[in-house]
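Here the structure comes first, spelled out in structure tokens, and everything after it is commentary.
The values are calculated or read from the model by the stated rules, or taken from the named source; none is laboratory data. Note that this is a predicted model, so its numbers are computed, not measured. Counting neighbours? That spans all protein chains shown, and the Cβs are built from the backbone with ideal geometry, glycine included.
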Amino acid sequence: MRGIKAIYMVLSVLLLSSILLGLLVKLENAEANRIPQGVSVRGVDISNLEKYKAEEKLKDLEQQVLTQVLTLVYDDRSWEFTLEELGITLDLNKTIEQAMDRDGSALITRLKSYVHPVNNQIGITLVVDKDKALSCLRPICAEIEKPAKDAVLKISGDGRVEIIRDEKGKEVDSENLFQNLVEVINHQDDMRLNIPVREIIAQKTFETVEAMKINGLIGQYTTYFDGENQNRVTNIRIAAQKINGLIMTPGQEFSFNNFVGERSSSAGFLPAKVIVSNKFDEALGGGICQVSSTLYNAILLANLKPVERHNHSLAISYVPLGRDAAVAWNLLDFRFSNPLDCHIYLRTVVAKDYITVQVFGNTATKKDITIRNWVSETIEPERIYEIDPELGMDEEIIMEPGYKGYKAHAERVIKGSDGSVLVEALPDSRYLSTDRVVRIAPKQHNKDIQPLSKPTQVTETNVLTEF
């Protein structure tokens, strides 16, 4: 009997334990689906509520929150927006998940709360639509923000060099703004937010420009032109403007064609005289060789290094023979490099009838430089006679005046402060002669014809002056 009673007792204990365990599991599951005791969101008590009930209660809170006014402040200015206008919404699911968060068993947490009451205030989980917020903030940013200004090298008309100091800029720090926005909404009763602004440093500061060591004029050259030839003057102005203000670093190489670009009508170039196949003709960009030739002489006087230079096929008049620099798109280029330990600055000045190219750099590097040039050979033009039966016995017409050819040389003489003299040979130049073509009457064909005293169509000249 005792054995049977013991068995019944054990079975009873096991049954009771199973019932109690099942009850505890059921209570744990029920408690796990409820908000813990003592939890509130911005003063709204959601304790003991199931998730869906808590969500319904928080929807009312959401409407209150979104209509709140936030004041954005910068210096003595302020702007007001509702949170809804700023693109702010509440993430109710995440807020409830945060409210449900507990350590350990939900049932034990509940029992503990009866012994030790808790007051767990949790913040709302906010979502910021940054695009919508930025659309509101854009006008404010426009009032606050200021771009940084680079330091500028300024050269006055009389050649004085001045550095205009850089200015720091400022911009709204939008990332910090959004972070601070959430913090203010959740933890401050005073809905005021100072707009965070960060400083912007200029890319070129006074110190970086000063370090270029550009402090004065180290070389310049001037050539003259016919100010009445408007197309040619226009081309000169366009090309000169392309290189005006150019700053070259030590060791940098300059290409005239790369900087001036293709001579096209879309670039503003006009037809003017150019040399084509040893003759002059009209083409876009005529005249810009005067810019490259003036630049060539200026860089020689500034002690820069010519890398590529070509003379014209025919002699020209705006620079001495041997000191021109012909250019042609995709054919002939003028290139030079900066061998100095300072930056250099190119300035072009185009007036009514002249162009000046100035080179600025460190005056401590300036040398006493002269350019010498001479002609070693002159080639007279051949005389070509054409028979014209329409002409009378004493009539002659010059069809082509003919131009002399030359073999020219140049050198750069550099005098040092210590009395030293360096003579540097420059590239030789060969200018072709062109035939003098004269149309005559048939009966003059066998005569020894002398130069015409009265040219009727073309005035003779030994140098091509416009191209």
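Before moving on, here are some points about what is shown:
- In region 165-190, the residues that are within 20 Å of residue 74 (Cα to Cα) and loosely packed, with under 14 Cβ neighbours inside 10 Å: 168, 175, 176, 179, 183, 188, 189, 190
- Residue in region 309-339 that is nearest to residue 371 (Cα to Cα), counting only those that are of a type in the set (A, V, I, L, M) and outside any loop (DSSP other than H, G, I, E, B): 316
- Considered as a group, the residues in region 296-315 that are out of contact with any Phe, Trp or Tyr (no Cβ under 7 Å at 6 or more places or on another chain) and hydrophobic (A, V, I, L, M, F, W, C) include one that is nearest to residue 217 (Cα to Cα), and that residue is 302.
- Region 375-419 - residue that is among the hydroxyl-bearing types (Ser, Thr, Tyr) and at pLDDT below 90 and, of those, farthest from the chain's Cα centre (by Cα): 385
- Any hit, region 360-367, residues being out of contact with any helix residue (DSSP H, G or I) (no Cβ under 8 Å at 6 or more places or on another chain), charged (D, E, K, R), over 23 Å from residue 263 (Cα atoms) and assigned by TED's automatic domain parsing to the domain that holds residue 431: yes
- Subset of region 158-195 that is free of Cβ contacts under 8 Å to residues at least 40 places away in the same chain and in a loop (DSSP other than H, G, I, E, B) - its residue that is nearest to the chain's Cα centre (by Cα): 168
- Output for region 48-59, where each listed residue is touching a residue at least 12 places away in the same chain (Cβ under 8 Å) and farther than 16 Å from residue 91 by Cβ: 48, 49, 50
- Taken together, the residues in region 61-84 that are under 39 Å from the mean Cα position of the chain (by Cα) and hydroxyl-bearing (Ser, Thr, Tyr) amount to 3.
- Condition broken by residue 202, with the remaining ones in (1) more than 30 Å from residue 356 (Cβ to Cβ); (2) of a type outside the set (Lys, Arg); (3) free of Cβ contacts under 8 Å to residues at least 12 places away in the same chain satisfied: (3)
- Applying the set (1) in a strand (DSSP E or B); (2) over 30 Å from residue 275 (Cβ atoms) to residue 342 leaves exactly one unmet item: (1).
- For region 278-328, residues that are surrounded by fewer than 21 Cβ atoms within 10 Å (Cβ to Cβ), at pLDDT 95 or above and of a type in the set (Asp, Glu) total 1.
- Odd one out for residue 306, checked against (1) more than 18 Å from residue 427 (Cβ to Cβ); (2) assigned to a strand (DSSP E or B): (1)
- Residue in region 19-41 that is part of a loop (DSSP other than H, G, I, E, B), modelled with pLDDT of 75 or more and surrounded by 15 or more Cβ atoms within 10 Å (Cβ to Cβ) present: yes
- Search result, residues across region 420-462 that are at pLDDT 85 or above, of a type in the set (Lys, Arg) and more than 43 Å from the chain's Cα centre (by Cα): 436, 439
- Of all residues in region 372-387, those satisfying the criterion of being in a loop (DSSP other than H, G, I, E, B) and either outside the structural domain of residue 324 (by TED's automatic domain parsing) or closer than 25 Å to residue 320 by Cβ (or both) are 380, 381.
- The number of residues in region 396-433 being in contact (Cβ under 8 Å) with a residue 60 or more places away in the chain and part of a loop (DSSP other than H, G, I, E, B) comes to 6.
- Selection status of residue 390, of a type in the set (Asp, Glu), over 30 Å from residue 323 (Cβ atoms) and without any contact (Cβ under 8 Å) to a residue 24 or more places away in the chain: yes
- Considering region 125-157, the residues that are in a strand (DSSP E or B) and surrounded by 13 or more Cβ atoms within 10 Å (Cβ to Cβ) include one that is farthest from the chain's Cα centre (by Cα), namely 126.
- Among (1) outside any helix (DSSP H, G or I); (2) touching a strand residue (DSSP E or B) at 6+ places or on another chain (Cβ under 7 Å); (3) closer than 30 Å to residue 325 by Cβ, the one test that residue 227 misses: (2)
- Selection status of residue 57, closer than 13 Å to residue 35 by Cα, surrounded by 13 or more Cβ atoms within 10 Å (Cβ to Cβ) and out of contact with any strand residue (DSSP E or B) (no Cβ under 7 Å at 6 or more places or on another chain): no
- Selection from region 63-83 of residues that are surrounded by 15 or more Cβ atoms within 10 Å (Cβ to Cβ) and outside any strand (DSSP E or B): 65, 66, 83
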